[in-house]
Amino acid sequence: MKSIFIMKRVFMTLLLFLWLSILGLPYFSHAAEQDFSFADAARLAVEASDELRNEYAARALREGAWKWGVRAYFPRLSLIASEDDRLSLTGSDSFHKNYSVNVDQLLWDGGRIFLSRKMERTELELGGNKLKQMASDLGEAVVSAYREVLMGRNILEIREKTRTFLDEQLRIMVREAELGLIRPTDLLEARITAALSELDSLSLAMDLEEIESRLADKLGLEKLPSLSERIDTERSPALPNPNAARVLAEAKNQDLAILRYSVARRQAELRVASLSWVPSLRLTGTFGLGGQNYPLSRYNWSVGLVIEFSSPWLSGNFSGSTGWDPPYDRNARLQQTAVPAPDPAAMFSIRAAKLALSQERSRYEAAIREVHSAAERGIKACTLLDRKRGLAKEALELEGERFRLAELRLSLGEITRLDLMEMRLGYEKREAALVEAAAALLEAERQLERLLDLAPGELASIKEL
């Protein structure tokens, strides 16, 4: 009985999941509460982008059109049906019906179709890399907003702690003023200090709410889920050595990938321009049925060869065909066409293609040098920002020692409680500076990851090359 009950529960659960999937509802009510890392946020933003989805759909259409372009290699068929009715006043009338099938098959074109399709494929790959770059930019904007939210929350938490401390000191000073132990002006200044601190906290909270709202919109969510990432002020980055960074950047950088496809496209354009003079060879064939009445009693056929050529100074074609019109007639035909100087300006196309290829290669080589330099600068920037984070931490520790000495001096009567409140505000600034330094280090790491085409958080996984 117990097993039957369990099976019923399982069946009902599966039925519920199926029904929810049909309605398009989430399976679990806490799905929006799942933790989100930097990588999760970037992925969700890309999935929620209508513009990017439309661009991918358009690329899929272009991909399908390119696949059907292979049709150029196959024979071209044409079906012709005609009727010729003639009424004569001086002779007999004639009624002719003709049906024919024509075949035109490309035999050789010097590789122009192949190169043309290769250029189209390169354009598709180039578009794919640009889409990937677009997705990367979109994800990076979300990661940057994510980082701003984390920094804002940390600083707001610091200010709330400071405000709590100031409020406590203000309550003590109110009691001291009632007992006549401090001057009213000191209490007034303390109230102003606490009010300004509360105003700063309120302003930051409003700004943080707006940033969180923008981040939720970019993620396609009504509200932000729980964010799993934290700004760790104790963490030092795990950086690759400069040689490994240069090699990886040259292999995976998206800007370099786009330029490589651009160089390949220019090479294909030069080959197409260089082969423009190569003649093309086509095979033609015709089979026809004719007669005055159905069923048609006469037939004919012919086969031919067409050679076409084109150059800036001379273009034309040469064609020959032979056929049979049973039962007695045979036919043959030769035809030549020549066009002198059809397009003299086209002689510069090869030179222009060579120049464009040379320029593209120069751009690529300059980009490689720039990427290598950017990789080294990125590692140096992370190292310097990590040092800045360490100095900010040391400064905070010293400020903490200074504050503890101030508390001791207050107990000895050497400073006023208002002085202690001012020192607490100085300690808050040091705390905020440490958080900002750690956030700047995270941003520099992310810039290096983008240069190396890595997902957020993958920089530490790079091994020595």
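The values are calculated or read from the model by the stated rules, or taken from the named source; none is laboratory data. All values reported here derive from a predicted model rather than from experimental measurement. Reconstructed Cβ throughout: ideal geometry from the backbone, glycine too, with neighbour counts over all protein chains shown.
Of note:
- Looking only at segment 223-244, and only at residues there that are closer than 24 Å to residue 449 by Cα and among the charged types (D, E, K, R), the one that is surrounded by the fewest Cβ atoms within 10 Å (Cβ to Cβ): 234
- Selection from segment 203-222 of residues that are closer than 25 Å to residue 426 by Cα and surrounded by fewer than 12 Cβ atoms within 10 Å (Cβ to Cβ): 203, 206
- With respect to being within 16 Å of residue 128 (Cβ to Cβ) and surrounded by 11 or more Cβ atoms within 10 Å (Cβ to Cβ), residue 62 fits the description.
- Condition met for residue 251 (closer than 30 Å to residue 135 by Cα and without any contact (Cβ under 8 Å) to a residue 40 or more places away in the chain): yes
- A residue that is touching a residue at least 60 places away in the same chain (Cβ under 8 Å) and polar (S, T, N, Q) occurs nowhere in segment 200-211.
- Scan of segment 127-178 for residues that are farther than 30 Å from residue 440 by Cα and in contact with a Lys or Arg (Cβ under 7 Å, 6 or more places away or on another chain), ordered by number: 127, 128, 169, 170, 172, 173
Residues are listed down the side, and each one gets a yes or a no for (1) closer than 30 Å to residue 297 by Cα; (2) among the hydroxyl-bearing types (Ser, Thr, Tyr):
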| site | (1), (2) |
| --- | --- |
| 94 | yes, yes |
| 102 | yes, no |
| 105 | yes, no |
| 112 | no, no |
| 119 | no, no |
| 128 | no, no |
| 132 | no, no |
| 136 | no, yes |
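- Any chance residue 331 is polar (S, T, N, Q) and in a loop (DSSP other than H, G, I, E, B): no
- Residues in segment 388-434 that are outside any helix (DSSP H, G or I) and aliphatic (A, V, I, L, M): 415 only.
Each row is one residue, and each column tells you yes or no for (1) modelled with pLDDT of 90 or more; (2) at positive phi; (3) β-branched (Val, Ile, Thr); (4) outside the structural domain of residue 418 (by TED's automatic domain parsing).
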{"site": "151", "(1), (2), (3), (4)": "yes, no, no, no"}
{"site": "158", "(1), (2), (3), (4)": "yes, no, yes, no"}
{"site": "166", "(1), (2), (3), (4)": "yes, no, no, no"}
{"site": "174", "(1), (2), (3), (4)": "yes, no, yes, no"}
{"site": "183", "(1), (2), (3), (4)": "no, no, no, no"}
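- Any hit, segment 424-435, residues being assigned by TED's automatic domain parsing to the domain that holds residue 185, touching a residue at least 60 places away in the same chain (Cβ under 8 Å) and within 32 Å of the chain's Cα centre (by Cα): yes
- Leading residue by the ranking (nearest to residue 359 (Cα to Cα)) among those in segment 253-281 that are touching a Leu at 6+ places or on another chain (Cβ under 8 Å) and among the hydrophobic types (A, V, I, L, M, F, W, C): 263
- Exactly one residue out of 381, 375, 353 is modelled with pLDDT under 90, over 30 Å from residue 304 (Cα atoms) and part of a helix (DSSP H, G or I): that is 353.
- Qualifying residue in segment 394-404 (condition: within 44 Å of the chain's Cα centre (by Cα), of a type in the set (A, V, I, L, M, F, W, C) and in the same structural domain as residue 151 (by TED's automatic domain parsing)): yes
- Just one of the listed residues (407, 414, 449, 360) is more than 25 Å from residue 145 (Cα to Cα) and surrounded by 17 or more Cβ atoms within 10 Å (Cβ to Cβ), and it is 360.
- Candidates 160, 125, 148: the one that is assigned to a helix (DSSP H, G or I) and touching a Phe, Trp or Tyr at 6+ places or on another chain (Cβ under 7 Å) is 125.
- Any hit, segment 249-259, residues being assigned to a loop (DSSP other than H, G, I, E, B), surrounded by 17 or more Cβ atoms within 10 Å (Cβ to Cβ) and in contact with a strand residue (DSSP E or B) (Cβ under 7 Å, 6 or more places away or on another chain): no
- So residue 424, is it surrounded by 15 or more Cβ atoms within 10 Å (Cβ to Cβ), within 26 Å of residue 232 (Cα to Cα) and among the charged types (D, E, K, R): yes
- Residue pairs whose Cβ atoms lie under 9 Å apart, sitting 6 or more positions apart in sequence or on different chains, and linking a residue in segment 62-86 that is part of a strand (DSSP E or B) to a partner that is exposed (fewer than 11 other Cβ atoms within 10 Å of the Cβ), are 85/93; 86/93.
- Test result for residue 107, more than 27 Å from the chain's Cα centre (by Cα), buried (at least 18 other Cβ atoms within 10 Å of the Cβ) and more than 30 Å from residue 449 (Cα to Cα): no
- When residue 164 is tested against the conditions (1) of a type in the set (Val, Ile, Thr); (2) more than 14 Å from residue 428 (Cα to Cα); (3) loosely packed, with under 13 Cβ neighbours inside 10 Å, the lone failure is (2).
- Check on residue 142, crowded, with 17+ Cβ neighbours inside 10 Å, out of contact with any Phe, Trp or Tyr (no Cβ under 8 Å at 6 or more places or on another chain), part of a helix (DSSP H, G or I) and in the same structural domain as residue 224 (by TED's automatic domain parsing): yes
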